[in-house]
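All remarks here apply to the structure that follows.
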Amino acid sequence: MTIRDVARAAGVSTSTVSYVLSGKRPVSAETRRRVEHFVAELGYHPHAGARALASKRSHIIALVVPLRTDVYVPVMMEIATYVTMTARKHGYDVLLITNDEGPDGIRRSCEGTYESTAGALGHILSDRPGTTGFVVQNERALGPLLHLLRTRGRIVPDKASVIALCPERLADQYAPALTAVTGAAKELGRIAVEQVISRIFASGRDRRPDDELVLLAPTLTVRESTGPVRLSDPS
């Protein structure tokens, strides 16, 4: 399908179809609805190369995703999927870029290997031997941490509680099942793309973007890895 096919079906000019898709010029609501209807019905997708040449914009959003060995990849890819789906609704493609350390080489507390988790736990218990609770963001460190706590006699949840920041399906895989804080990957991807596109349109019209601080409420699901510490019998 071409832009001419859409214009013919909608009874408008090709330039009007272009304006509806690009948002460069105002188009009446009725005409916009008609054009969008036939774009969807005919399955029309603008040619990325031609569109970039005509608009002097690539219509590509770059997404930097850390795909390190210590990162739980399914979580990253779930977010990337929703980013891509939302971007396509706005006529944008997504370029996936992997970067081990992030833009500024962000330093990490624990890498997620057994050795690094043991080192981190050793430092914590050395500095604060009375520690009875652990909040873990690195999913790969969960297994090693549970094993290390068990070998040290800090049985979960009797002697220590563990709260994971991870997806529900991962929390249920451990024994004991982990109390977990989960985020909305779908909403995160959608809002991120919509804010990027808002900035793009604002810059093209020489006005300041209406940046909006959006806080997504996490969900806490209590399972078997948390509870009151059971004190040892002094006798």
- [ ] Grab the beta carbon distance between Leu96 and Glu187, set R0 = 22 Å, and tell me the FRET efficiency rounded to 0.05.
- [x] 0.65
Open item on the list: Let's test the formula: R0 of 22 Å, r as the Cβ-Cβ distance of Ser109 and Val65. What FRET efficiency results, to the nearest 0.05?
Closed with: 0.65
Open item on the list: Averaging the inverse of every distinct alpha carbon separation and then flipping it gives the Kirkwood radius. What is it for region 114-168, in angstrom units?
Closed with: 11.3 Å
Task: Inter-centroid distance (Cα atoms) of region 110-174 relative to region 214-229, Å - done: 16 Å
Open item on the list: Take Leu215 and Arg4, extend 7 Å from each Cα along the Cα→Cβ direction, and tell me the distance between the two endpoints in nm.
Closed with: 5.6 nm
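Every read-out reported here was derived from the displayed coordinates using simple, explicitly stated rules and does not represent laboratory data. The shown structure was predicted, so the numbers you read here are calculated from the model rather than taken from an experiment. Heads up, the Cβs are rebuilt from the backbone with ideal geometry, glycines too, and the neighbour counts pull from every protein chain shown.
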